[in-house]
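The values are calculated or read from the model by the stated rules, or taken from the named source; none is laboratory data. What you see is a predicted model, and the numbers here were worked out from it, not measured in a lab. Don't worry about glycine lacking a Cβ; one is built from the backbone with ideal geometry, like all the others, and counts go over all protein chains shown.
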Amino acid sequence: MQAELTRKPSVVFFSDIVGYTRLMGQDENAAFELMKLNLELHKRILDQYHGTIIKELGDGILAVFETVPEALTASLEIQKNVLKNSKYKIRIGLRSGEIIFDHGDVFGDAVNVASRIQSVGVPSSIIFSDRVYKEIVHDEFFKTVKLGTFDLKNVSHPLELYSLTNPPLVIPKRAEILNNIKYQESSPWKSWVGIIGGLILLALLIYGLFWKESVWEKEKSVAVLPFLNLNGNSELDYFADGLTENLIGQISKISSIKTISYRTMADFRKTNSPLDSIAEALDVITVLKGTIEQLNPGYRFKLQLVDAKENKNIWTDEYTRNGTDLTQLQNDIAREIAKVLNVKLTAEESIQIGKGETSDAEAYDLLFKAKRTYYEAFGNPKLFEEAASLLQKAIEIDPNYAMAYTWLAKTYAQIGFDYPEGNWNDLSLEMSSKALELEPKLAEGYSARGMVYYELGQLSKAKNSLETAISFYPNLSDAIGNLATIDFTQGNLFEALQLQTKSSNLGPNSYLPYQNMGWIYKILGKNEEAQQSFDKSLEISKNPITYELKAISLIEQGKKPEALSLLENIPIHDSLESNVKAAGSILFYAGEYDSALKVWDISIKRNIQTGFEKYYSTPVNYSYLLKQKGNFRLADSILNAIIQVKIEAMSLGAEDYYMPLDIAIAYAIKDQSVESMKYLQIAYEKGWRDYFFTEFNPAFEKLKNDSRYIKIMALIQKDINLINQKLTSISLQRDK
């Protein structure tokens with residue numbers, strides 16, 4: 001009994017080398033080498049986008065895809081690479097429809113029509129039918145033009161054709177296509193499929209049926225250890241680290257693979273810990289380790305993917321590169337990891353891998369040097385300018401290096417954070433815009449832009465940018481953490497908690513997600529979870545803000561002695577602003593007013609000469625203490641200055657709740673209840689949910705019986721109750 005034929009909707013792809021027959025007559029050896037080069041190029045790119053080569057048809061290739069975006073993206077990448085080569089040109093045609101798969105071959109109307117479409121194209125073009133067009137009409141990445149309706153030979157009905165117009169493609173003119181059709185009608189047509197198909201038996205080689213390993217069925221998770229530099233030359237360490245970070249970045253773009261962030265993995269540089277211990281600490285199944293060795297010229301890379309729990313190698317490989325194709329190496333490894341872990345990339349993931357990179361070895365190397373300097377600058381801010389200089393050099397070498405523009409945007413933003421008086425944020429936005437102009441779907445570009453908008457207090461723009469980044473790159477840990485912070489600021493505590501949890505999973509060695517989770521749990525009244533999160537954060541970093549939040553949580557529970565005991569962990573003799581603020585806040589809310597005043601004096605005297613920054617809150621409660629000491633004039637002077645700065649910030653677009661909350665407290669201290677309640681209501685509407693900062697603030701003692709205040713507190717409590725109900729519901733669903 002004959003087996004049932006497999007029918008499947010597919011996208012059929014045909015390509016051929018223009019002028020191959022003429023070249024064959026001139027130089028058979030050169031023609032054969034060109035055919036091999038073309039086949040290798042097709043195999044590499046089609047594999048990246050889930051294309052399957054069915055057969056080689058002399059100087060042409062027949063392949064199939066499951067989706068139109070993958071087929072068109074692969075076609076565009078092939079044409080880009082062919083044009084770079086400049087030794088030959090090809091034309092590509094596509095048609096979608098149901099086809100029959102039988103013993104390694106394909107049949108059907110879509111196959112025949114695709115071959116006809118390709119044959120009437122022009123060199124360096126990609127043309128396709130209306131069926132293909134309808135599937136990408138709303139995709140902004142693909143630029144198209146309608147060529148019109150044509151009667152193709154041996155096609156029973158008129159066909160509407162379109163051309164892809166993304167650079168650097170050639171767009172056929174209607175007259176050129178009509179001339180090609182006319183030529184075919186006057187010349188014997190050699191059918192791709194009928195005549196040559198049975199003569200060339202390369203399909204079995206192309207299918208790549210050599211992988212016989214068992215299918216990976218465990219959790220898809222990986223931690224990539226920093227590459228080990230075998231040369232022992234510390235000058236190469238920046239390169240090993242840069243390649244590690246880039247590789248982690250590419251694997252992270254695959255949403256179904258949990259990939260630990262580079263910032264966490266950098267802590268495991270030169271670790272001697274057993275792989276199973278590393279995997280357990282990071283909650284992953286597999287660990288990828290590699291070595292890099294500098295040759296003369298080029299590099300050798302050896303990689304090993306280990307099932308850490310079973311202590312078993314599941315994949316090993318070795319690569320030698322001359323330095324000009326390192327970008328492609330990181331992309332190939334990421335795709336190989338996906339294959340080994342039994343993950344099929346989506347069309348968008350295929351597009352994102354390698355996006356924004358350069359093929360220039362010198363520019364690529366400069367970016368790695370800039371990244372190393374950027375990270376070192378967090379201990380020495382002046383190094384940010386050195387990092388910017390390196391990035392500018394990379395851009396001079398390759399003006400289309402979108403990722404370099406993205407890192408320059410991040411660097412300018414950090415300089416702006418340390419030196420807010422300059423126009424660094426504007427420069428940062430300019431650089432991220434340039435990156436997105438070059439690569440409209442570059443997730444890292446949107447993330448860099450979102451970070452600046454957040455610093456400017458423009459939360460709506462920041463949220464939009466970060467959500468766009470995550471839509472393209474679901475595991476982009478920086479964007480996830482920043483989006484969580486925005487959700488928190490806007491009062492979306494449930495969403496913020498979910499995102500912070502994901503951020504902590506991707507970067508378990510980062511203190512910030514745990515700090516923020518602790519704050520959310522504190523607001524929700526989940527004191528045990530709050531303390532656990534704060535303690536976890538402090539295990540990673542002795543950050544003064546975490547101590548401040550933990551102390552506030554203890555004060556809220558009536559545990560003042562425990563809260564005050566945390567002060568011994570916050571040195572104030574070094575006058576660090578964050579330390580002074582945190583220590584003073586703990587003392588203030590614990591009722592130790594004289595001590596708080598003494599500590600805050602350090603900060604106020606330093607800042608009062610230069611003017612108060614918009615997010616500087618210390619002077620508000622400091623002014624309350626001045627009034628209690630009878631220093632009304634100075635208190636009023638400071639409060640008026642603070643109110644002016646923060647109202648101006650709001651008028652310029654600052655959307656977070658911190659501004660109106662500080663203004664509300666300032667007016668409460670000034671005994672202006674109407675204005676205080678007005679801004680407290682605005683703070684609530686903008687997302688303020690932590691009522692500790694009014695309930696435990698002595699400035700609000702007179703207002704606690706005010707009906708307006710009571711109403712706002714009731715609204716906050718209602719929101720908190722709804723969030724807790726939602727969390728309880730999810731917990732019950734998980735337990736079922």
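What helices (runs of 4 or more DSSP H), lying completely within segment 566-660, carry at least 3 residues that are of a type in the set (Val, Ile, Thr) and either within 24 Å of Thr485 (Cβ to Cβ) or in contact with a Cys (Cβ under 7 Å, 6 or more places away or on another chain) (or both)?
Values: elements: 577-589, 593-607, 618-628, 632-651.
So the answer is 632-651.
Can you tell me which condition Glu98 does not meet? The list is (1) closer than 24 Å to Glu40 by Cβ; (2) touching a Gly at 6+ places or on another chain (Cβ under 8 Å); (3) of a type in the set (D, E, K, R), and all the others hold.
Tallying (1) closer than 24 Å to Glu40 by Cβ; (2) touching a Gly at 6+ places or on another chain (Cβ under 8 Å); (3) of a type in the set (D, E, K, R), Glu98 fails exactly one: (1).
Which number in (1) in contact with an Asp or Glu (Cβ under 6 Å, 6 or more places away or on another chain); (2) closer than 23 Å to Lys253 by Cβ marks the one condition that Pro381 misses?
For Pro381, the failing item is (2).
On the basis of being touching a residue at least 12 places away in the same chain (Cβ under 8 Å), more than 14 Å from the chain's Cα centre (by Cα) and surrounded by fewer than 20 Cβ atoms within 10 Å (Cβ to Cβ), does Leu438 make the cut? Step through it out loud before you land on a result.
Values: touching a residue at least 12 places away in the same chain (Cβ under 8 Å): yes; more than 14 Å from the chain's Cα centre (by Cα): yes; surrounded by fewer than 20 Cβ atoms within 10 Å (Cβ to Cβ): yes.
Yes: the conditions hold for Leu438.
Quick check, is Pro508 outside any helix (DSSP H, G or I) and surrounded by 19 or more Cβ atoms within 10 Å (Cβ to Cβ)?
Values: outside any helix (DSSP H, G or I): yes; surrounded by 19 or more Cβ atoms within 10 Å (Cβ to Cβ): yes.
For Pro508, the condition - outside any helix (DSSP H, G or I) and surrounded by 19 or more Cβ atoms within 10 Å (Cβ to Cβ) - is met.
Only residues that are at pLDDT below 85, surrounded by fewer than 17 Cβ atoms within 10 Å (Cβ to Cβ) and in a helix (DSSP H, G or I): list them for segment 284-337, please.
The answer is Gln328, and nothing else.
Would you mind finding the one in Arg116, Arg95 that is free of Cβ contacts under 8 Å to residues at least 60 places away in the same chain and not hydroxyl-bearing (Ser, Thr, Tyr)?
Values: Arg95 fails: free of Cβ contacts under 8 Å to residues at least 60 places away in the same chain.
Exactly one residue qualifies, and that residue is Arg116.
Select, from Ser124, Ser75, the only residue that is surrounded by fewer than 20 Cβ atoms within 10 Å (Cβ to Cβ), in the same structural domain as Lys36 (by TED's automatic domain parsing), among the small types (Gly, Ala, Ser) and under 35 Å from the mean Cα position of the chain (by Cα). Write out each step before concluding.
Working: Ser75 fails: surrounded by fewer than 20 Cβ atoms within 10 Å (Cβ to Cβ).
Answer to the selection: Ser124.
List the number of the failed condition for Lys646; all other conditions in (1) over 28 Å from Leu554 (Cβ atoms); (2) surrounded by fewer than 22 Cβ atoms within 10 Å (Cβ to Cβ) hold.
Lys646 satisfies all of (1) over 28 Å from Leu554 (Cβ atoms); (2) surrounded by fewer than 22 Cβ atoms within 10 Å (Cβ to Cβ) except (2).
Would you mind finding the one in Ser460, Ser477 that is surrounded by 22 or more Cβ atoms within 10 Å (Cβ to Cβ) and of a type in the set (Gly, Ala, Ser)?
Numbers: Ser460 fails: surrounded by 22 or more Cβ atoms within 10 Å (Cβ to Cβ).
When all the criteria are applied, what remains is Ser477.
Which pairs have Cβ atoms under 6 Å, sit 6 or more apart or on different chains, and link a residue in segment 442-454 that is under 11 Å from Leu466 (Cβ atoms) to one that is of a type in the set (D, E, K, R) and part of a helix (DSSP H, G or I)?
Ser447/Asp478; Ala448/Lys410; Tyr453/Lys461
Can you name every residue in segment 85-111 that is in contact with a helix residue (DSSP H, G or I) (Cβ under 8 Å, 6 or more places away or on another chain) and surrounded by 21 or more Cβ atoms within 10 Å (Cβ to Cβ)?
Hits for segment 85-111 are Ile90, Arg91, Ile92, Gly93, Leu94, Arg95, Ser96, Ile99, Val111.
Are there any pairs with C-beta distances below 6 angstrom linking a residue in segment 249-269 that is at negative phi to a residue that is part of a loop (DSSP other than H, G, I, E, B) and of a type in the set (Ser, Thr, Tyr), with the two at least 6 apart or on different chains, and if so which?
Lys253/Tyr473
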